[in-house]
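Read-outs: derived from the displayed coordinates by stated rules, not from any lab. In this text the structure is predicted, and so the values were computed from the model without any measurement. No Cβ is skipped: glycine too gets one built from the backbone with ideal geometry, and neighbour counts run over all protein chains shown.
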Amino acid sequence: MTPIRHNHSDGDAVLDAARDCVLAVGVRRTTLTDIARRAGVSRMTLYRRWPDVRTLVGDLMTREWIALAVGAMPEPEPGASARQRLVEGLVAGVTAFRAHPLFHKIIDVDPELLLPYVLDRRGASQDALLGLIAGGLAEGHADGSVRRSHPDRQARSLLLVVQSFTLSLRTMTEEDEPQLADTAFLDELRTILERTLTP
């Protein structure tokens with residue numbers, strides 16, 4: 001597998017190497033030695049920053065998920081409301097997450113890695129996503145296109161909705177039934193978000 005390089009910093013080189021290793025064999029079968037070798041650094045260099053593979057993979061997921069979410073948000077268009085931009089960005093984000101190879105690998109091979117962030121506590125990537133959603137809500141409150149509510153509660157509620165669609169959608173779809181296929185559920189998500197956010 002050809003290593004994926006995002007930029008030339010040492011930290012990103014290590015995260016790129018970790019991504020390649022996880023995509024190849026999963027988290028449980030990846031070692032810091034494997035990552036160090038692929039990144040071309042010593043194990044001690046890794047241990048100084050990451051005590052174990054799971055910590056490193058946590059940073060990797062944060063980098064990948066934030067870049068994905070930011071990339072899913074459409075650019076402002078003349079005449080489009082902040083609500084429309086936020087809704088389309090959230091639906092596009094769910095679609096992009098579910099298509100992401102790292103997300104697929106973790107869900108298929110190491111799903112327990114995600115459980116703490118679903119059941120017990122928020123992670124850094126979830127906090128960053130909340131910030132992104134809160135920014136969209138603030139724009140919607142300002143232009144009058146989003147129903148006013150407690151901003152943190154509103155952002156967290158939206159994240160709960162899109163997180164459930166991201167993690168659990170495949171348990172509900174039936175690809176041989178068009179009304180229960182992925183695209184139909186994503187249209188339903190769009191409707192849910194529109195109706196939740198419309199003043």
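From the helices alone, meaning DSSP H stretches of at least four residues, give me the mean residue ellipticity at 222 nm for the chain, per-run term -39500 (n - 2.57), in deg cm²/dmol to the nearest 500. Kindly include the intermediate steps, with their values, before the conclusion.
Values: 10 runs with 137 residues, N = 199.
The helix-only estimate for the chain comes to -22000 deg cm²/dmol at 222 nm.
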Take the Cα radius of gyration of the chain and divide it by 2.2 N^0.38 Å, with N its residue count; two decimals is plenty.
-> 1.13
May I ask you to order 80-93, 119-132 by the average number of other C-beta atoms within 10 Å around their residues, highest value first?
-> 80-93, 119-132
Cα centroid separation - the range 57-87 against the range 105-167, whole Å = 12
